[in-house]
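S.K.: Quick one: this structure, given as structure tokens, is what I'll be asking you about.
The values are calculated or read from the model by the stated rules, or taken from the named source; none is laboratory data. Note that the coordinates shown come from a computational prediction; the quantities given were computed from them, not determined experimentally. Here the Cβ positions follow ideal geometry from the backbone for every residue, glycine too, while neighbour counts run over all protein chains shown. What goes into the accessible areas is simple: the full protein's heavy atoms, side chains included, and nothing from ligands, DNA or RNA. Shrake-Rupley method; radii C 1.70, N 1.55, O 1.52, S 1.80 Å.
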Amino acid sequence: KLICRVYHERRDLMLASMDRSFPPEMDWTHPEGGLFLWASLPEYLNSAEVLESAVEHHVAYVPGAPFYPTGGGHNTMRLNFSNATPKQIQIGIARLGQVFAEKIAAKKVVV
């Protein structure tokens, strides 16, 4: 029961951090269980390409496309909340939010 409570708290913290830090153009799941959240960038971005910028900001995620055996998912990602401290979650999501906002803004200028 302790581990369930810890994961629940981390999930809720990640969701709250995403609400604060992620651009409004993004969507994400609100899972009832498990260890991961799924997030989606706008269709015009590729999460595998954006990952390079995230890593430069010392944060990472798993691009979603490999989880789509019939194709698609190029703009999705899997975020793990079970293997990070609350402080790491807050810092990491804030960094990701900055990266995503920059990529979205840059694409809007080009489009």
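S.K.: Looking at Gly73, is it on the phi > 0 side of the Ramachandran plot, at pLDDT below 95 and either in contact with a Phe, Trp or Tyr (Cβ under 9 Å, 6 or more places away or on another chain) or of a type in the set (Ser, Thr, Tyr) (or both)?
M.R.: No; evaluated as a whole, the condition is false for this residue.
S.K.: Go through the residues of the range 44-66 one by one and say whether even a single one is under 17 Å from Ile91 (Cβ atoms), among the small types (Gly, Ala, Ser), touching a helix residue (DSSP H, G or I) at 6+ places or on another chain (Cβ under 9 Å) and not in a helix (DSSP H, G or I).
M.R.: yes
S.K.: Can I ask one more? Would you tally the residues in the range 7-25 being part of a helix (DSSP H, G or I) and touching a residue at least 60 places away in the same chain (Cβ under 8 Å)?
M.R.: The number of residues fulfilling the criteria is 10.
S.K.: Out of Ser17, Ser47, which single residue is of a type in the set (Ser, Thr, Tyr), open to solvent by less than 90 Å² (accessible area, probe 1.4 Å) and touching a His at 6+ places or on another chain (Cβ under 8 Å)?
M.R.: Within the list Ser17, Ser47, the selection yields Ser47.
S.K.: Is it the case that some residue within the range 67-90 is crowded, with 16+ Cβ neighbours inside 10 Å, touching a Ser or Thr at 6+ places or on another chain (Cβ under 8 Å) and in contact (Cβ under 8 Å) with a residue 40 or more places away in the chain?
M.R.: yes
S.K.: Let me ask another. Regarding Gly33, is this residue exposed (fewer than 13 other Cβ atoms within 10 Å of the Cβ), in contact with a Cys (Cβ under 9 Å, 6 or more places away or on another chain) and assigned to a loop (DSSP other than H, G, I, E, B)?
M.R.: For Gly33, the condition - exposed (fewer than 13 other Cβ atoms within 10 Å of the Cβ), in contact with a Cys (Cβ under 9 Å, 6 or more places away or on another chain) and assigned to a loop (DSSP other than H, G, I, E, B) - is met.
S.K.: Another question, if that's okay. Would you confirm whether or not the range 85-100 contains a residue that is of a type outside the set (Phe, Trp, Tyr), on the phi < 0 side of the Ramachandran plot and not in a helix (DSSP H, G or I)?
M.R.: So far as the range 85-100 goes, yes, one or more of its residues are of a type outside the set (Phe, Trp, Tyr), on the phi < 0 side of the Ramachandran plot and not in a helix (DSSP H, G or I).
S.K.: Another question about this same structure. Is it the case that some residue within the range 65-72 is among the hydrophobic types (A, V, I, L, M, F, W, C) and more than 12 Å from the chain's Cα centre (by Cα)?
M.R.: yes
S.K.: Still on this model: State yes or no: is Leu41 surrounded by fewer than 16 Cβ atoms within 10 Å (Cβ to Cβ) and touching a residue at least 12 places away in the same chain (Cβ under 8 Å)?
M.R.: no
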